[in-house]
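K.L.:
Sharing a structure with you now.
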Amino acid sequence: MTTLNELNDAWVAAGQKVSDLQNKASAMVNADDVTVEDVTKAKNDVKTAQAQRDLAYQNLVDARAEEVAAMDNKDVQPLNNDEKAEKNKFIDEFKGMMKNDPTIINSLTSSTDEQGNAAGLTIPVDVQTAIHQLMRQYDSLEQYVNHEAVTTTSGSRVYEKFSDITPLANLDDEEGEIKDQDAPKLTLIKYAIKRYAGINTVTNSLLKDTADNILQWLTTWIARKVVVTRNQAIIEKMNVVPTKPTLNKFDDIKDLQNKTLDPALLSTSMFITNQSGFAELAKVKDAHGEYLIQSVVSQPEIKQIGGKQIVVVGDRWLPNPAKDTFPLYFGDMTQAITLYDREHMSLLSTNIGGGAFEHDQTKVRVIDRFDVETTDSEAMAAASFKKIEDQKSTTGVVPTA
């Protein structure tokens, strides 16, 4: 039986294959000996690899028994009787909580979480899955970092920075032994799950609505809150890496790509900027009049710099570091940052706090539990720029684009 780790490794490998084929197809743009058949084959290879990658991910999702709410109806696996009962029970308890049903309220407030706070109404796994799928629509940075589910509120992990990894010792000699100097340089990373809360007002008309509409309202509201909260925590870690170059000209970006990281990380690295930063970079040209940012041949909607994908995040999710200054990150986010997810979202209502009592309203509070830590600060660079100068022509004449 295939394990979850094996399924995850298969998904990662399939994603890398897609990236490699996209880079290969992109290189055909300037090749003189490429035929129409070559281009057609490259496009088909990319499409096939993407289908294999998607299948690998679906296998992983199915193995975790997650229901993906954003999928097409034909792909959604129906809930079994127990899952339907859990979903209906959640909606009934949510309505009772919002209507201050004493039985429900007493049940939710009598139990406490690991930190001694009222546990509240736990959001079912399938609803949490729908929330996380919705988060991808809102430029969630979580999808680019390493994600680790944890079952405790605190703990530690041992990491070895990529630049500190030593080769395996040669033990061909039967009497051979591993020398002390071959011991890895390890870094202890500690995490402590934090509680993040947000409040919203629930109207009486919503509570009279159908279960599906209530779930849609809940998942959309929570997804937006969680994206903003987790993005902010991730950006804080993105900005504490030691390498922070200031970019002024075309070649500075090349240096950012080729000089800042261990070469072994380049194959898995990418650029990240916000929409304003992308708009500035899109105007920059090289010495031959070609734009710095190019489209992937087989997928024009995917943009890249020097063969590396550039991810564009909305300004509201990834703000500028300073006035008239734009961010440009480069590196392997999965190596640089880890999000420790307690995967335990909960809800609790009040008709007293947050102005509810004064306005005769009922408010609902959502609590998300997670922590974000830097695991390898050398796996990412946090550059910034105001305006990038075009690369100067080596011939004195720049051809028109």
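Please treat every number below as a calculation from the coordinates, not as lab data. If you're wondering where the values come from, they're calculated on a predicted model, not measured in any experiment. Backbone-built Cβ (ideal geometry, glycine too); neighbour counts: all protein chains shown.
K.L.:
At R0 = 30 Å, how high is the FRET efficiency between K308 and L186 if r is their beta carbon distance? Nearest 0.05 is fine. Intermediate results must be reported in sequence, preceding the final value.
P.N.:
Numbers: r = 29 Å, r/R0 = 0.98.
About 0.55, to the nearest 0.05.
K.L.:
Stretched out fully, how many nm does the piece from N88 to D209 gain, at 0.36 nm a residue minus the Cα gap?
P.N.:
Numbers: separation 121, 0.36 × 121 = 43.56 nm, distance 1.35 nm.
Length gained between N88 and D209: 42.2 nm.
K.L.:
Just check region 268-343 against the gyration tensor rule for me: Cα atoms, a ≥ b ≥ c as the square roots of the eigenvalues, rounded for a/c under 1.5, and otherwise prolate or oblate depending on whether a/b exceeds b/c. Provide the component values of the computation, followed by the final result.
P.N.:
Values: a/c = 2.21, a/b = 1.42, b/c = 1.56.
Oblate shape, in that a/c is at least 1.5 and b/c is the bigger or equal ratio.
K.L.:
In whole Hz, what ³J(HN,Hα) sequence does region 282-299 give by Karplus (6.51, -1.76, 1.60; θ = phi - 60°), x for Gly and Pro?
P.N.:
5, 8, 6, 10, 8, 5, 9, x, 8, 5, 4, 8, 10, 8, 5, 4, 7, 9
K.L.:
Which net charge results for the neighbourhood of F250, defined as the other residues with beta-carbon distances under 12 angstrom from its beta-carbon, given Lys and Arg at +1 and Asp and Glu at -1?
P.N.:
Working: positive: K249, K254, K283, K285, K387, K392; negative: D251, D252, D255, D286, E290, E389, D390.
Taking every other residue near F250 into account, the sum is -1.
K.L.:
Would you mind computing, in nm to one decimal, how far apart the modelled labels at T103 and Q16 are, each placed 7 Å from Cα along Cα→Cβ?
P.N.:
Spacing of the two 7 Å Cα→Cβ label points: 5.6 nm.
K.L.:
Can I ask one more? Add +1 for every Lys or Arg and -1 for every Asp or Glu among the other residues with Cβ under 9 Å from the Cβ of N200, and state the total. Kindly include the intermediate steps, with their values, before the conclusion.
P.N.:
Numbers: positive: K225, K363, R365; negative: none.
Its environment carries a net charge of +3.
K.L.:
Please compute the length gained on full extension between N200 and V29, using 0.36 nm multiplied by the number of residues separating them and subtracting their Cα-Cα distance.
P.N.:
Working: separation 171, 0.36 × 171 = 61.56 nm, distance 5.14 nm.
Gain on stretching N200 to V29: 56.4 nm.
K.L.:
A follow-up question, please. Counting Lys and Arg as +1 and Asp and Glu as -1, what is the net charge of the other residues whose Cβ lies under 11 Å from the Cβ of T273? Working shown, then result.
P.N.:
Numbers: positive: K303; negative: E280, D315.
Value of the local net charge: -1.
K.L.:
Can I ask one more? How many nm separate the modelled label positions at K41 and A322, each set 7 Å beyond the Cα in the direction of the Cβ?
P.N.:
5.2
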